[in-house]
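To start, the structure under review is shown below, and the notes come after it.
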Amino acid sequence: MSIVYDEAQQAIASESRRILDARMESARLLALLERTGEFDRVFWSTAVEQGWTALAFPEEHGGLGLGLVELGIVAQATGAATAGAPFQTSNYGAGHILLASGQADLVGQWLPRLASGEATAAVAFAEGNAPLPPRPGCAFAGGRLAGAKPGVASALAADIAVVWCLHEGRPALALAELAGVSRRAVDSFDNGRLYADLGFDGTQARLLVAGEAASELARDALARMAVVTAHEQLGGAEALMFIARDYANTRRAFGQPIGAFQSVKHRIAELYTLVEIARANCIHAASREGRPDFLSAAAAARLSATEAYDTAARDTVQIHGGIGVTWEGGLHLHMRRARSLAIEQGNALFWEDLLVDELAGAAA
Amino acid sequence: MNDLDAYRAAARDWLRSQLPAFGREAQAGLSELDHLALGKRYQRAKFDAGYAGINWDPEFGGQGLSPLHKVIFEQEEMACGMPSGYYGVSLGISVPVVMKFAQDRAWAKERVLAALKGDEIWCQLFSEPSGGSDLAGARTKAEPDGNGWKLNGQKLWTTYAQFSDYGVILARNDPTVPKHKGLTFFWLDMHAPGVTVRPIKLAAGDNHVNEVFFDDVKLTDGQRLSPVGGGFGTAMATLMIERYSASDPAGFGPALDLFIDLARNSEVNGRPAIEDGRIRSAIARTYAMRSGLEAITTRAMRMMAAGMEPGPEGSLNKLVSVRSRQKLSELAIDLMGNVGLAWDVHASGKDDWVASWLAAPTGRIAGGADEMLLNTIAERILGLPQDHRPDKGVPFNQIPA
């Protein structure tokens, strides 16, 4: 069943929106685009100060004991402002995996620090273009990790990484501290995401879980992170829809607001349909965490949110004409974020296949 | 289990018990008139079981429950494929208008009860040859005639007019004022002298719509449902009376499961269709869209249950679902290849891809064309400007044709 936000959740939504509106400046975000290795520290200190880093972790580990619904609400506000640091999602994913692995010492060591925002984590699943390769090339043996992970979000600055790897011929999840690990910065079109190519070369690591349990946990964690990211995409798409609407209402051509032309107004109305479908899927998916249909709900949220944000970016820039493609106009912040978020947590090609496997049974 | 869940379970049980008498198998192969008779018996069975007028005033024969109860019953009913279509407009649009606006209240009570029992069917006479989307541009004339009115003109696309006993109609009483201000709303007897109904065969082979001609049809002033010249406002208000109704994320076409079954049992160029990326993408995208529409509906129902007003996003269902059904039906026919060329004119659009595809364009036009729905979203929800309308403020008889 889909949910209706309660008063506390609505308060989180309006408060996170208000704070980010006040603190985000497009000049600062634009400057970050040309600075590899930097991220928006104003956002991260805001997230720490507001307790957003602690939202979805249990109270006994320094968290606030809320869940995916609340984390999604904050992510939506973050997406609307093209704010954010990639840890917002990856800290949650890594923390969830640590908790699920049941390794008490690691949970005790890292969860409180992740919850307070003092430590940051990356989630290194993807290899090549595969978000979760069935036989990862990265290997864990004798307490050490070897292999490469390309373009890992957060990795340039994170303290630890949860790594999808192969252990005794079976998939596994391992935890590595990144202090001594080779991290090659990726000069990216969305630099604030701190992408790095990680190279493990006998890196000390701890095995978290192996075999079928690791596959299930990795899929579940990726789906959880995808639901957070889908909310962020939703926030971006909705913000763009309103930006397009406001521009179409004020910009005049041929003696009338351009929003009076159906080619423009219908484009914006179509964005509304995509945004509302994505919103409904996001809220629904967040309310299904831990249920048997969570994977398909997450996939639906992810697919519709990716479509909404990509389309909104494309069409909003188009509706703006020349001003839409200037550096200073800043719409490209959304355009860039739409694509970087479309790749983080797995591309649409991955989620389409996963969803059909869920609906039709895995193709033999 | 809460009350609503219990209500749903009871409705489901009752519907299941009616399947042998009224379900798809009972409908198979019936002639048009036999099918209508079955539909009438089904409506009577609903009335007797307390599933007619679910959210209507008990004084008018209703059950006095909430709109939510009605939507729940409709959702369950839709899944059973019952022959309820003859009453969609009658009980969904026309009769609520009569219930609310008819001058003779005793007469209104009689009609509402007869309609709920299925004995009488009402149609809605809005669209005309000169326009469907442009409702306020109606040309059918209502001229003062003694103490009453005289009706001349033509309506078009009138659903089930050929089976209807009564209708509600929007007609022009004054062509010298701007178009929205010269319309009046009436009810009329479809069997009255001067009313001629001709069914129109549609592209899918069915005859559910009609053209209706009026040749000096006499109306008393008691048949007026709106102030003189105030018909457009009343027409708009009536569309809000029954604004909550069950929607179908499948766009009234086949369920996605049927497409998945088809893909499981087909090959594409020698490889299983269910492994083909194009087919998988269509399944995934369609599922994501439909699950979003379902979640919108569920959320709206939860809000209604909590006494809140659902958001306007419920209005995008038809726009999104029907055109998606059209494309999915095309792809299903592609998957069937030469086998997909067969056409069973009696097949149902809910389980046959060809029937679904053939009738899909009707769904994108009837009850608000896609383009009008986009205008509504843009103007009413998002606050974008109205289109340029050269007829605005111009007396109706001076609008360039």
When you scan segment B:103-117, how many residues do you find that are hydrophobic (A, V, I, L, M, F, W, C) and more than 22 Å from the chain's Cα centre (by Cα)?
-> 3
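Conditions (1) free of Cβ contacts under 8 Å to residues at least 40 places away in the same chain; (2) open to solvent by 20 Å² or more (accessible area, probe 1.4 Å); (3) not assigned by TED's automatic domain parsing to the domain that holds residue A:308, marked per residue:
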{"site": "A:160", "(1), (2), (3)": "no, no, yes"}
{"site": "A:163", "(1), (2), (3)": "no, no, yes"}
{"site": "A:171", "(1), (2), (3)": "no, yes, yes"}
{"site": "A:194", "(1), (2), (3)": "no, no, yes"}
{"site": "A:206", "(1), (2), (3)": "no, yes, yes"}
{"site": "A:226", "(1), (2), (3)": "no, no, no"}
If a residue has to be out of contact with any Pro (no Cβ under 8 Å at 6 or more places or on another chain) and open to solvent by less than 10 Å² (accessible area, probe 1.4 Å) to count, how many in segment A:215-224 make the cut?
-> 2
Yes/no for residue B:166 being open to solvent by less than 40 Å² (accessible area, probe 1.4 Å) and of a type in the set (Ser, Thr, Tyr) | yes
Would you check if residue A:301 is crowded, with 23+ Cβ neighbours inside 10 Å, assigned to a helix (DSSP H, G or I) and in contact with a Cys (Cβ under 8 Å, 6 or more places away or on another chain)?
-> yes
Flag for residue B:154 being in contact (Cβ under 8 Å) with a residue 12 or more places away in the chain, under 30 Å from residue B:32 (Cβ atoms) and part of a helix (DSSP H, G or I) = no
Of the residues that sit in segment A:343-364 and are closer than 19 Å to residue A:278 by Cα and either modelled with pLDDT under 95 or away from chain B (no Cβ under 14 Å) (or both), which one is surrounded by the most Cβ atoms within 10 Å (Cβ to Cβ)?
-> A:345
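This table checks each residue for (1) away from every other protein chain (no Cβ under 14 Å); (2) under 30 Å from residue A:248 (Cα atoms); (3) in contact (Cβ under 8 Å) with a residue 60 or more places away in the chain.
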{"residue": "B:327", "(1), (2), (3)": "yes, no, no"}
{"residue": "B:343", "(1), (2), (3)": "yes, no, no"}
{"residue": "B:351", "(1), (2), (3)": "yes, no, yes"}
{"residue": "B:367", "(1), (2), (3)": "yes, yes, no"}
{"residue": "B:370", "(1), (2), (3)": "no, yes, no"}
{"residue": "B:388", "(1), (2), (3)": "no, yes, no"}
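What residue, of B:198, B:172, B:139, is open to solvent by less than 30 Å² (accessible area, probe 1.4 Å) and either free of Cβ contacts under 8 Å to residues at least 60 places away in the same chain or not hydroxyl-bearing (Ser, Thr, Tyr) (or both)? Reasoning before the result, please.
Values: B:198 fails: open to solvent by less than 30 Å² (accessible area, probe 1.4 Å); B:139 fails: open to solvent by less than 30 Å² (accessible area, probe 1.4 Å).
Every option except B:172 fails the conditions.
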Of residues in segment A:208-229 being of a type outside the set (Val, Ile, Thr) and in contact with a Gly (Cβ under 8 Å, 6 or more places away or on another chain), the one nearest to the other protein chains (Cβ to nearest Cβ) | A:226
Take segment B:67-122 and flag every residue that is of a type in the set (Val, Ile, Thr) and in contact with a helix residue (DSSP H, G or I) (Cβ under 8 Å, 6 or more places away or on another chain).
-> B:71, B:72, B:93, B:95, B:97, B:98, B:112, B:121
The residue that is nearest to residue A:349 (Cα to Cα), considering only those in segment B:286-316 that are facing chain A (nearest Cβ under 7 Å) and open to solvent by 30 Å² or more (accessible area, probe 1.4 Å), is B:287
In segment A:173-192, which residues are outside any loop (DSSP other than H, G, I, E, B) and either within 18 Å of residue A:217 (Cα to Cα) or touching a residue at least 40 places away in the same chain (Cβ under 8 Å) (or both)?
-> A:173, A:174, A:175, A:176, A:185, A:191, A:192
Conditions (1) at pLDDT 95 or above; (2) open to solvent by 10 Å² or more (accessible area, probe 1.4 Å) -> residue B:90 fails only (2)
Would you mind finding the one in A:210, A:230, A:179, A:185 that is of a type in the set (A, V, I, L, M) and open to solvent by less than 10 Å² (accessible area, probe 1.4 Å)?
-> A:230
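Any residue in segment A:288-296 that is within 9 Å of another protein chain (Cβ to nearest Cβ) and over 22 Å from residue B:315 (Cα atoms)?
For segment A:288-296, residues within 9 Å of another protein chain (Cβ to nearest Cβ) and over 22 Å from residue B:315 (Cα atoms): present.
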Would you tally the residues in segment B:265-284 being more than 7 Å from chain A (Cβ to nearest Cβ), assigned to a helix (DSSP H, G or I) and either closer than 19 Å to residue B:338 by Cα or not small (Gly, Ala, Ser) (or both)?
-> 3
Looking at B:262, B:319, B:258, which is the one that is within 25 Å of the chain's Cα centre (by Cα), more than 7 Å from every other protein chain (Cβ to nearest Cβ) and in a helix (DSSP H, G or I)?
-> B:258
With respect to the numbered conditions (1) within 22 Å of the chain's Cα centre (by Cα); (2) more than 14 Å from chain A (Cβ to nearest Cβ); (3) surrounded by 21 or more Cβ atoms within 10 Å (Cβ to Cβ), which one is the sole condition not fulfilled by residue B:332?
-> (1)
Log entry, pairs with first residue in segment A:1-27 being within 13 Å of another protein chain (Cβ to nearest Cβ), second being open to solvent by 70 Å² or more (accessible area, probe 1.4 Å), beta carbons closer than 6 Å, six or more apart or on different chains, reads A:4/B:302
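Could you tell me whether any residue of segment A:247-267 is closer than 27 Å to residue A:56 by Cα and open to solvent by 20 Å² or more (accessible area, probe 1.4 Å)?
There is no residue in segment A:247-267 that is closer than 27 Å to residue A:56 by Cα and open to solvent by 20 Å² or more (accessible area, probe 1.4 Å).
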Determine, yes or no, whether residue A:275 is within 11 Å of chain B (Cβ to nearest Cβ) and part of a helix (DSSP H, G or I).
-> yes
Filter segment A:244-272 down to the residues that are assigned to a helix (DSSP H, G or I) and aromatic (Phe, Trp, Tyr), then identify the one that is nearest to the other protein chains (Cβ to nearest Cβ).
-> A:272
Quick one: would you say residue A:237 is within 14 Å of chain B (Cβ to nearest Cβ) and within 15 Å of the chain's Cα centre (by Cα)?
-> yes
Only one of B:156, B:135 is among the aliphatic types (A, V, I, L, M), on the phi < 0 side of the Ramachandran plot and at pLDDT below 95; which?
-> B:135
Which fully enclosed helices (runs of 4 or more DSSP H) of segment B:1-85 have 2 or more residues being at pLDDT 95 or above and exposed (fewer than 13 other Cβ atoms within 10 Å of the Cβ)?
-> B:3-22, B:32-49
So residue A:46, is it buried (at least 17 other Cβ atoms within 10 Å of the Cβ) and either over 30 Å from residue B:292 (Cα atoms) or among the acidic types (Asp, Glu) (or both) = yes
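The values are calculated or read from the model by the stated rules, or taken from the named source; none is laboratory data. Since we're looking at a predicted model, the values are computed, not measured. Note: ideal-geometry Cβ built from the backbone for every residue, glycine included; neighbour counts use all protein chains shown. Just so you know, the surface numbers come from the protein's heavy atoms only, side chains and all, with ligands and any DNA or RNA stripped out. Shrake-Rupley method; radii C 1.70, N 1.55, O 1.52, S 1.80 Å.
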